[in-house]
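In what follows, a single structure is set out as structure tokens and then discussed.
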Amino acid sequence: MKGERVAVRNIAKRYGSVTAVEDVSLDVKAGEFLSLLGPSGSGKTTLLMMIAGFELPSAGLIEVGATDVTHVAPNKRNVGMVFQKYALFPHMSVRDNVAFPLRMRKIDRAQIERRVLEALAMVQLDAYGSRAPTQLSGGQQQRVALARALVFEPPVLLMDEPLGALDKKLREQLQIEIKSLQQRLGVTVIYVTHDQEEALTMSDRIAVMDKGQIAQIGSPASLYSEPASPFVAEFIGKMNFLPVEYLGSATSGPQIRVSGTSTLSVTRSFNGHALELSPGLSLLAAIRPENISLTAHGFGGPDAIAGTIDTSIYLGTHQIFLVNIDGRSGPPLHIQAPANRNQSTFARGDAVDILFQADAIHLFASNGAMANE
Ligand SMILES: Nc1ncnc2c1ncn2[C@@H]1O[C@H](COP(=O)(O)OP(=O)(O)OP(=O)(O)O)[C@@H](O)[C@H]1O
Ligand SMILES: [Mg+2]
């Protein structure tokens with residue numbers, strides 16, 4: 001089995017007045033693991049169903065390998081699919097479920113028998129062939145769905161939230177199994193999830209979807225460190241947002257001030273839309289919990305902001321502090337610090353100086369649409 005490339009060109013899907021997917025283009029490399037990550041209703045399933053051939057696009061085209069498959073029937077596309085619900089045939093045994101795609105393809109019996117056994121071994125269910133799906137756990141049913149999608153050795157495997165119904169522990173175990181299977185087989189995977197941790201764990205690249213469009217596509221690391229919008233910044237990892245005022249440009253970079261506090265110098269360029277900058281302009285600053293540090297009040301230097309500890313949480317490998325900026329309402333800052341057993345730590349009510357790592361501050365236009373707001 002060898003992966004094939006998948007290309008999506010300016011694809012759209014409209015249901016009457018609802019636009020589920022709008023002008024999406026995507027190039028998935030052969031053997032790549034690409035995740036579609038986005039909130040409920042952002043068009044992930046619709047996009048996947050068009051690639052699988054179960055939905056016809058309103059516009060655009062889809063290629064698998066060098067072939068335009070836009071109008072090719074699903075079973076002629078050489079694409080395996082694991083659906084959002086397991087969708088096993090309840091009246092068929094595990095063995096017959098897995099054999100189904102091969103029977104559809106009129107493969108001879110001896111070969112079917114051999115390939116079903118191989119596929120079941122691949123998902124560690126060799127001993128379960130004669131059971132009914134109802135006699136299996138959720139994780140086992142999902143493995144059967146995986147075996148059924150892989151049994152005809154498709155170069156492309158599409159998976160729609162395959163682990164959504166499983167508990168955390170089983171989900172993590174199957175994430176690793178799917179990833180290692182994908183790497184062993186070299187198959188191209190397009191994987192839908194709304195769980196950012198799952199996407200970060202499994203993917204070579206992630207396409208973040210928002211309202212039927214791709215908000216940003218890139219490696220997990222690039223999305224984490226260079227989010228193109230507040231939406232992506234909020235969706236991948238934990239991010240603090242602060243309204244700030246632009247003061248002017250210094251040699252070190254743009255100068256900003258958190259409303260009602262001292263000056264912060266910033267060396268990072270602006271994200272998002274190009275802005276017409278003038279002193280006094282309101283911006284939205286975004287900074288990750290691990291890029292903020294704390295010292296005792298009075299020790300932070302001129303760029304520090306005074307704050308008060310609201311909550312202190314010890315998590316073994318690190319600590320989380322929720323800190324209020326003095327004189328400012330709004331949600332507390334989320335700060336992550338390495339746990340240090342030999343150092344005295346901060347407790348609720350302690351006065352602290354907050355220091356932002358200047359080159360880790362992202363600036364966005366203040367009207368940058370935020371998720372969940
Ligand atoms: N058959 C349909 N008729 C009308 N609208 C539809 C249809 N299918 C999907 N939609 C709409 O298209 C949008 C995208 O739906 P889609 O199922 O692709 O989202 P999703 O990202 O997979 O969400 P979820 O995470 O909840 O599964 C939604 O607004 C949905 O209501
Ligand atoms: Mg869906």
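Let's see how each residue does on (1) among the hydrophobic types (A, V, I, L, M, F, W, C); (2) modelled with pLDDT under 90:
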| site | (1), (2) |
| --- | --- |
| Leu117 | yes, no |
| Val123 | yes, yes |
| Val151 | yes, yes |
| Leu166 | yes, yes |
| Ile190 | yes, no |
| Gly212 | no, no |
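Yes or no: region 216-236 includes at least one residue that is assigned to a strand (DSSP E or B) and touching a residue at least 60 places away in the same chain (Cβ under 8 Å). Yes, some residue in region 216-236 is assigned to a strand (DSSP E or B) and touching a residue at least 60 places away in the same chain (Cβ under 8 Å). Restricted to region 187-206, and to residues that are in contact (Cβ under 8 Å) with a residue 40 or more places away in the chain, assigned to a helix (DSSP H, G or I) and within 16 Å of ligand 1 (Cβ to nearest atom), which residue is farthest from the chain's Cα centre (by Cα)? Checked region 187-206; the qualifying residue farthest from the chain's Cα centre (by Cα) is Glu198. If the condition is being on the phi > 0 side of the Ramachandran plot and either among the hydroxyl-bearing types (Ser, Thr, Tyr) or at pLDDT 80 or above (or both), then region 243-280 contributes Gly248, Gly280. Among the residues of region 16-41, those that are buried (at least 17 other Cβ atoms within 10 Å of the Cβ) and more than 10 Å from ligand 1 (Cβ to nearest atom) comprise Glu22, Val24, Leu26, Val28, Gly31, Glu32, Phe33, Leu34, Ser35. Selection over region 300-328 of residues that are under 31 Å from the mean Cα position of the chain (by Cα), closer than 24 Å to Ser262 by Cα and not hydrophobic (A, V, I, L, M, F, W, C) gives a count of 3. Any residue that is of a type outside the set (A, V, I, L, M, F, W, C), within 16 Å of ligand 2 (Cβ to nearest atom) and closer than 16 Å to Ile190 by Cα - is there at least one of those in region 81-95? Yes, region 81-95 has at least one match.
Per the conditions (1) at pLDDT 90 or above; (2) crowded, with 17+ Cβ neighbours inside 10 Å, the sole criterion not satisfied by Ala110 is (2).
Just the residues that are among the basic types (Lys, Arg) and either surrounded by 20 or more Cβ atoms within 10 Å (Cβ to Cβ) or closer than 30 Å to Leu200 by Cα (or both), please, taken from region 232-267.
Correct list: Lys238 only.
What do you reckon, is Gly260 of a type outside the set (D, E, K, R), in a loop (DSSP other than H, G, I, E, B) and assigned by TED's automatic domain parsing to the domain that holds Gln141? Judged against the criteria, Gly260 is not a match. Number of residues in region 273-313 that are part of a strand (DSSP E or B) and without any contact (Cβ under 8 Å) to a residue 40 or more places away in the chain: the value is 4.
Kindly provide the set of residues from region 16-41 that are within 14 Å of ligand 2 (Cβ to nearest atom) and assigned to a strand (DSSP E or B), ordered by number. Matches in region 16-41: Ala20, Val21, Ser35, Leu36, Leu37. Residues in region 59-87 that are at pLDDT 95 or above, crowded, with 16+ Cβ neighbours inside 10 Å, among the hydrophobic types (A, V, I, L, M, F, W, C) and in a strand (DSSP E or B): Ile62, Val64.
In the condition set (1) assigned to a loop (DSSP other than H, G, I, E, B); (2) without any contact (Cβ under 8 Å) to a residue 60 or more places away in the chain; (3) among the charged types (D, E, K, R), Glu153 is compliant with all but (2). The residue list Lys13, Lys44 contains one member that is within 16 Å of ligand 2 (Cβ to nearest atom), buried (at least 21 other Cβ atoms within 10 Å of the Cβ) and more than 15 Å from Ile217 (Cβ to Cβ), which is Lys13.
The values are calculated or read from the model by the stated rules, or taken from the named source; none is laboratory data. Keep in mind that this is a model prediction, so the values were computed, not measured. Neighbour counts run over all protein chains shown; Cβ positions are idealised from the backbone, glycine included.
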